[in-house]
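These notes concern the structure reproduced below.
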Amino acid sequence: MNIHGIPTRCIRPVPGAMAVDIIDQTELPQRYRERRLVTLEEVARAIRTMQVRGAPLIGATAAYGVALAMVRDNGDPALDAALATLAATRPTAVNLHWALARMERCLRPLAPERRIESAWQEAGAIAEEDVAQNRALGQHGLALLRNLRPADRPLEIMTHCNAGWLATVDQGTALAPVYAAFDAGWPIHVWVSETRPRNQGLLTAWELAQHGVPHTVIADNAAGLLLAQGRVDGAIVGADRIAANGDVANKVGTYLKALAAREAGVPFYVAAPRSTVDFACPSGAHIPIEERHGDELRLVTGLDNQGHRQRLRQLDNDCQVANPAFDVTPHGLVQALITERGSCPASREGLLALYPEENHEPF
Ligand code: MRU
């Protein structure tokens, strides 16, 4: 995707150096800033503090984190420590654990001196696959959107949080079909929900603006009204973990949108690659839900009149807050899952039809 007209990925190995460059998403949308990560600790911190965020991007970043750890020490204890450190950064997005398991499968059998080069190659492969899968997913999503396309006005899509290219290495998940439609010349408009408390919707608005896609930001609580008024043709969100039965964990607030969409008769789609599906997790009830710091609700961030970033307190420290970062949408509210292999019903059967190699039950 283009930033100020320049094709840019959200994570990039630095040519000729053992380092990766990321976009610091805690600074967006007020300020565009890249950061260079050189150590395992820097990578773990970037994930924990959400300088990088979004399930697929977390996975790819963690893979590079293992590679950076191998540069410093390629022995077994260092590998174990790197995997454990990164696994503890965030609990809900399963792409993190998927990527770490893949790195371990690649590196564990190798002699230590061969691990550095292999780790960089494997991390690079994970990143490249993410881009290719999201591109394919976008085309499959486009086929579904074709059925929703009105003859006489722009297609109206609602999304939640940020499942665009900022949440991935490139292309995005939920927004990949939107970009595909826009690039194909369709008139399209996106309703972007703010996504309190961390406001990832503002990241969505920022990246849609970079690509020129018409959009409107709404308060999270406005979504039900718009759906009920018939101002939305379809909703597409991403996912942080899809259980084997098709239940979907995604940014908190997703469930309410799915309920409102069902009530309004608006199709509700979930777009995610294979790395987001947890076949070992039987249902949404088993998905760990991240509880984040209460200051995300107590403080708000923005620019003052001089253009300086400021944090303002809206709640006292002693005000008790709850901050679950994700919720679970039951599979029955999901019209279809959109993956790199095509779309399917949000069910065990639907997922296994797309990924038959994951069916480990005896025949
Ligand atoms: O807490 P975040 O910002 O890392 O949350 C992840 C997300 O961006 C969303 O839940 C998204 O819809 C799924 S990731 C493509």
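The values are calculated or read from the model by the stated rules, or taken from the named source; none is laboratory data. The structure presented is a predicted model; accordingly, all values stated were derived computationally and were not measured. In this analysis, Cβ positions are derived from the backbone assuming ideal geometry, glycine residues included, and neighbour counts consider all displayed protein chains. All accessible areas refer to the heavy atoms of the entire protein, side chains included, with ligands and DNA or RNA removed. Shrake-Rupley method; radii C 1.70, N 1.55, O 1.52, S 1.80 Å.
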**Report entry** Cα convex hull of the range 246-286 - mean projected area over all directions, nm²
**Finding:** 3.4
Requested in this report: Would you calculate a helix-derived [θ] at 222 nm for the chain, using -39,500 (n - 2.57) for each DSSP H run of n ≥ 4 and dividing by the full residue count, to the nearest 500?
Outcome: -11500 deg cm²/dmol
Query raised in the report: Which values of log₁₀ I(q)/I(0), to two decimal places, follow from the Debye formula for the range 207-340 at q = 0.09, 0.15, 0.18 Å⁻¹ with a uniform point scatterer at every Cα?
Result: -0.36, -0.91, -1.12
**Report entry** Solvent-accessible area of residue 251 with every protein chain in place, 1.4 Å probe, in Å² to the nearest 10
**Finding:** 20
Requested in this report: Starting from the Cα of residue 290, step 7 Å along the direction of its Cβ; do the same at residue 2; then give the gap between the two resulting points in nm.
Outcome: 3.2
Query raised in the report: Round to a whole number: what % of the accessible area of the range 123-240 belongs to carbon and sulfur, probe 1.4 Å?
Result: 51
Query raised in the report: In the chain, what percentage of the DSSP-assigned beta bridges are antiparallel, given to the nearest 5?
Result: 55
**Report entry** Longest exposed-site-free window of the chain, the sites being GluC sites (Glu not before Pro) in a DSSP loop that have at most 16 other C-beta atoms within 10 Å
**Finding:** 28-289
**Report entry** Along each principal axis, Cα extent of the chain, largest first, Å
**Finding:** 65, 62, 44
Query raised in the report: Remind me, relative contact order of the range 232-276 in percent, using alpha carbon pairs under 8 angstrom and six or more residues apart?
Result: 52
Query raised in the report: Using alpha carbons only, what's the Rg to Rh ratio of the range 115-164 with Rh from Kirkwood?
Result: 1.24
Query - Accessible surface of residue 120 - all protein chains present, 1.4 Å probe, nearest 10 Å² - result: 40
Requested in this report: Take the eigenvalues of the Cα gyration tensor for the range 1-149, scale each by 5, and report the square roots as semi-axes in whole Å, largest first.
Outcome: 28, 18, 15
Query raised in the report: Counting other Cβ atoms within 10 Å, which trypsin sites (Lys or Arg not before Pro) in the range 1-86 have at most 15 and lie in a DSSP loop?
Result: 31, 33
**Report entry** Pair residue 304, residue 48: separation of 7 Å Cα→Cβ label points (nm)
**Finding:** 3.0
Query raised in the report: In whole percent, what relative contact order does the range 192-330 give with Cα contacts below 8 Å and a gap of six or more residues?
Result: 25
Query raised in the report: Over the chain, what is the mean sequence separation of C-alpha contacts under 8 Å (at least six apart), divided by residue count, expressed as relative contact order in percent?
Result: 16
Report summary line: Descending accessible area (1.4 Å probe), largest on the left, turns 71, 190 into 71, 190
Report task. Please work out how much accessible surface residue 118 shows to a 1.4 Å probe, ignoring ligands, DNA and RNA, in Å² rounded to 10. Result -> 20
Query raised in the report: Between residue 322 and residue 280, what is the FRET efficiency for a Förster distance of 30 Å, r being their Cβ-Cβ separation, to the nearest 0.05?
Result: 0.60
**Report entry** Distance-filtered residues of the range 268-301 - backbone nitrogen under 13 Å, label point 7 angstrom along residue 311 Cα→Cβ
**Finding:** 293-301
Query - the range 3-50: radius of gyration over Cα atoms, expressed as a fraction of 2.2 N^0.38 Å - result: 1.18
Report summary line: Toy charge model, Lys and Arg Cβ at +1, Asp and Glu Cβ at -1: the chain dipole around Cα centroid in debye, rounded to 20, equals 520
